Amino acid sequence: MTTEIKVPVLPESVADATVATWHVQVGDKVSRDQVLVDIETDKVVLEVPATADGVITEISQAEGATVLGEQVIAVLAEGEAAADSAPAEAPVAEAANGTVIDIVVPVLPESVADATVASWHVAEGDSVERDQNLVDIETDKVVLEVVAQESGIIGKIIHGEGDTVLGNQKIGELSAGATPTVASAPAASKYEAISADELASPSVRRLMAEKGLTAADVQGSGKGGRISKEDVEAALNKPKAAPAPAPVAAPVQDLGERSQKRVPMTRLRKTIATRLLEAKNSTAMLTTFNEVNMKPIMDLRAQYKDLFEKTHDTRLGFMSFYVKAVTEALKRYPAVNASIDGDDIVYHNFFDISIAVSTPRGLVTPVLRDADQLGMAGIENGIRDLAVKGRDGKLAMADMQGGNFTITNGGVFGSLLSTPILNLPQAAILGMHKIQDRPMAVNGKVEILPMMYLALSYDHRLIDGKESVGFLVTIKELLEDPTRLLLDI
């Protein structure tokens, strides 16, 4: 037996409410009178308790959603129902041509509350193969792929791109073993029969009713013709006698008119923005600079790169030298390898180095574990694997967690000098830059040398100026005499 979980009756003066916080997720067992969700109005927060013991089988309105009084927001299966049972309204056994399999969000890590449907790679009615990627689910740090468990036909997509979803939440259906039929509706017409209730949120429907508009009067700009408040306002501002929207090829009459595009931030971009502001506002960050002569390393690479690649099946880059130098410097200056936790200083006796990697979604910092135990080839292979995962969107949560110190190399993009910002809760970050030939005074003579600026940003609450300068000078000395890295002196 299933029970609908509804928004409480709202006071007459309250038009709608917001889903503030879910205390449970799909699959959770709950007890009678246990608080399931907080509903926030303009004035108060209402608690919605469970009316019976059971299992949460569906959550249809995520945190942040606008809801109306007595609107159904979830389903509870009473009794000792299995956590993975399908919602009552979803057929589990057989469809017209096959077995219906729920497409669900993967289990999210403990530190991740919810996720966003980033991109559907299929549409309703599409044929798919087993293990084909159906949809990307974006969390604060990584993108999770949801693949087809069996070959078949996509039957229904419940949550579209941009929707907020929870772990194990059903977002679509797959008819396993099904084949396309002649009677299937063509893709172009699959939204023709969708009602206004499905095309617009409650607040948008209410606005349309107030303005005397129907779904036919408004041109939805969202996926599948979804209607937003901006679409309603555009319909209201359109002249009564105005013709249908002009084709793309029509000339623009007002040459002085400028356009702009508004898109929501991705979860990763919002997380980056929040963390950068937190680092700036919650630390006493300073940056110290130095420069290093890269000629010794460049000569060493030129001499041994072919033999190194033949021996280890990986190229000899600059990053292995940087990581080796940083690891050695961290051993000598433990405060730089530490972090602040409340009123405590946590000294780390291991050397996990975060490597800044640029991806199509933004800058991420996957972690190279136990760098002190890796040789040059091991470091190069580790960094290469992280870079490939980042490029292909394959980084997992385990790749991103931890890290005691960060290296970022803006030089690959041509940066000559920068002040990198801390990667909390770490206490320091090293910025590498472009290697550029510059005239330098050597033994009273001018020589043209390949020079690179180093920048160390650090939290002055933990690291004193003497330590920061000594740490950076150590890196400079090790890079200018790379033999010392190999001899550990």
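The values are calculated or read from the model by the stated rules, or taken from the named source; none is laboratory data. Given the structure is predicted, the values throughout are model-derived calculations rather than measurements. Every residue, glycine as well, gets a Cβ built from its backbone with ideal geometry; the counts of neighbours run over all protein chains shown.
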Give the stretch 352-393 a look and list any residue that's assigned to a loop (DSSP other than H, G, I, E, B) and small (G, A, S), or say none. A356, G375, G393
Sort out which residues of the stretch 48-60 are more than 30 Å from the chain's Cα centre (by Cα) and either of a type in the set (K, R) or surrounded by 14 or more Cβ atoms within 10 Å (Cβ to Cβ) (or both), and write them in order of number. V48, A50, T51, A52, D53, G54
Could you tell me whether any residue of the stretch 470-488 is over 14 Å from A325 (Cβ atoms) and in contact with a Ser or Thr (Cβ under 7 Å, 6 or more places away or on another chain)? no
Candidates L395, L330, L363 - the one that is of a type outside the set (D, E, K, R) and either within 24 Å of V473 (Cα to Cα) or assigned by TED's automatic domain parsing to the domain that holds V142 (or both): L330
Of the residues in the stretch 114-126, those that are assigned to a strand (DSSP E or B) and modelled with pLDDT under 90 come to A115, T116, V117, A118, S119
Identify, from the list D437, D372, D385, D392, the residue that is surrounded by fewer than 21 Cβ atoms within 10 Å (Cβ to Cβ) and within 28 Å of I340 (Cβ to Cβ). D372
Go through E210, E192 for me and flag whichever is modelled with pLDDT under 55, more than 29 Å from M265 (Cα to Cα) and among the charged types (D, E, K, R). E192
Report yes if I429 is in the same structural domain as E328 (by TED's automatic domain parsing), buried (at least 18 other Cβ atoms within 10 Å of the Cβ) and β-branched (V, I, T), otherwise no. yes
For R315, are the conditions met, namely being outside any helix (DSSP H, G or I), at pLDDT below 95, under 21 Å from L479 (Cα atoms) and among the basic types (K, R)? yes
